[in-house]
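The values are calculated or read from the model by the stated rules, or taken from the named source; none is laboratory data. What you see is a predicted model, and the numbers here were worked out from it, not measured in a lab. Don't worry about glycine lacking a Cβ; one is built from the backbone with ideal geometry, like all the others, and counts go over all protein chains shown.
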Amino acid sequence: MTVTALPIEYHTTDIAGIDVIRPLWNRICEHHRIRARTFRAFFEHTTFDNRKVYFVRCAEAGDLRVDLASDPVAGRCVGYCVTSLSADQIGEIESLYVDETYRSQGIGTALVHRALAWLDENGSVENRVAVAEGNEEAFPFYRKFGFYPRRTVLEQVRGSAPPQRPET
């Protein structure tokens, strides 16, 4: 069966327009919650409003860009990429998501290309992307753009929620 690519429109906003990604961000958070082996409680308690506070701080301390992919026929946002640039010129892809129905059409690739071009234009000296534990299947996607694991950061599970035991 041949999948016909839908017409997708791309546009950019900043922190002022970030609320448009809320429904998609909630889906990526659920995606991480389901896949997390150890930090499931983190994703269960993280809200878009908490994450938005973090994004606001990124925008205040440096710069923040939100690339959006929209389906003009359906009249809705179907993907996004939030990218930050710190005052010391470190770029980071903070969050990327494409609706399941629209995957494998190059939308994620286009969003990352837009983000990396913006970082280059603004003088980033290093670019990063953090992949949540349990979402390692994203590595090959990011490898296409030259992102490779450089180090593994281990965190201690803290707080009132007991740690989830890894599945064996």
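Does residue 88 count as part of a loop (DSSP other than H, G, I, E, B) and free of Cβ contacts under 8 Å to residues at least 60 places away in the same chain? So residue 88 passes the test. Within region 17-74, the set of residues being surrounded by fewer than 18 Cβ atoms within 10 Å (Cβ to Cβ) and β-branched (Val, Ile, Thr) comprises 20, 34, 38, 46, 47, 53, 56, 73.
Of the set (1) farther than 23 Å from residue 90 by Cβ; (2) modelled with pLDDT of 95 or more, all apply to residue 163 but (2).
Condition test on residue 101, is it among the β-branched types (Val, Ile, Thr) and more than 21 Å from residue 119 (Cα to Cα)?
Values: among the β-branched types (Val, Ile, Thr): yes; more than 21 Å from residue 119 (Cα to Cα): yes.
Considered against the rule, which asks whether it is among the β-branched types (Val, Ile, Thr) and more than 21 Å from residue 119 (Cα to Cα), residue 101 comes out as yes.
Candidates are the residues of region 125-158 that are of a type in the set (Lys, Arg) and in a loop (DSSP other than H, G, I, E, B); the one that is surrounded by the fewest Cβ atoms within 10 Å (Cβ to Cβ) is 151. Cβ-Cβ distances below 7 Å connect the following pairs, each with a first residue in region 105-133 that is farther than 17 Å from residue 80 by Cα, a second residue that is part of a helix (DSSP H, G or I) and at pLDDT 95 or above, and a separation of six or more residues or different chains: 127/116; 127/119. Restricting 93, 28, 107, 15 to residues that are at pLDDT 95 or above and either farther than 18 Å from residue 137 by Cβ or touching a Ser or Thr at 6+ places or on another chain (Cβ under 8 Å) (or both) narrows the list to 93.
I need a count of the residues in region 68-81 that are in contact with a Leu (Cβ under 7 Å, 6 or more places away or on another chain) and under 16 Å from residue 22 (Cβ atoms). The total comes to 5.
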